[in-house]
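To keep things clear, I will list the structure first and then write my remarks on it.
The values are calculated or read from the model by the stated rules, or taken from the named source; none is laboratory data. Just so we're clear, the structure is a prediction, and the values are computed from it rather than from any experiment. Cβ placement follows ideal geometry from the backbone for every residue including glycine, while neighbour counts extend to all protein chains displayed.
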Amino acid sequence: MTLSKRRFFAFLVAVASLATPSLASTFTYVAILTGAGENPANNSTATGTAFFTLTGDMLTIDLTYNGLTGGPATAAHIHCCAAPGTNAPVWVPFTPFPNTTSGSFTATIDLSTFAFSGGGTEAALIAGMNNGSAYTNIHNATFPGGEIRGQIVATPEPGTLLLLGTGTTTMISLARRRLRL
């Protein structure tokens, strides 16, 4: 390998390393709650959005919901861990959850000291949130199994996407340039 090829290869490796995801101390997740997302699905027109922010052991939950048709909410929580479309045990109950048909809930939980129900652990919950096998839902009297539900999915941090795009574009440009030489 010639010296210029070695330099080019080293440069490509350096650029590629910039495109790898950065380790961040904060991870974000989202769940869009609908009746169609429940198992079994229902025809509820209610909707909800839940944002989860994990910083270290601290999990912040910010959930809003509108138009529950089966009456006021009786419970809401995170279930883990099962494939999408299947049911899993309750691991993180949201207490005290508002007994309303529309509203919001915000809480921060220290997962390192939290007493998980259903035999859960902090590591398993985080793995379930990262791989899409955790979900959140809201229950009421008409829908005791849940009126609306949404899978919890990880959202990429903007910095990672920027680095990935910049690194990929640079690598393509350099490869094209090398092919023309």
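Observations on the structure shown:
- Just one of the numbered conditions (1) within 22 Å of Ala154 (Cβ to Cβ); (2) surrounded by fewer than 13 Cβ atoms within 10 Å (Cβ to Cβ); (3) modelled with pLDDT under 95 is not true of Thr108: (3).
- Residues being part of a strand (DSSP E or B), in contact with a strand residue (DSSP E or B) (Cβ under 6 Å, 6 or more places away or on another chain) and touching a residue at least 60 places away in the same chain (Cβ under 8 Å) are represented in the stretch 51-58 by at least one member.
- Hits in the stretch 59-75 (condition: out of contact with any Leu (no Cβ under 7 Å at 6 or more places or on another chain) and assigned to a strand (DSSP E or B)): Thr60, Ile61, Asp62, Leu63, Thr64, Asn66, Ala73, Thr74, Ala75
- Residues that are closer than 18 Å to Ser104 by Cα and β-branched (Val, Ile, Thr), drawn from the stretch 26-41: Val30, Ile32, Thr34
- The residues in the stretch 79-100 that are buried (at least 18 other Cβ atoms within 10 Å of the Cβ) and in a loop (DSSP other than H, G, I, E, B) can be counted, and the count is 5.
- Among the residues of the stretch 123-158, the ones that are among the charged types (D, E, K, R) and at pLDDT 95 or above come to 2 in all.
- Any hit, the stretch 34-46, residues being modelled with pLDDT under 95, among the hydrophobic types (A, V, I, L, M, F, W, C) and surrounded by fewer than 16 Cβ atoms within 10 Å (Cβ to Cβ): no
- Here Thr121 clears all of (1) farther than 21 Å from Ala46 by Cα; (2) among the polar types (S, T, N, Q); (3) in contact with a strand residue (DSSP E or B) (Cβ under 7 Å, 6 or more places away or on another chain) except the condition numbered (3).
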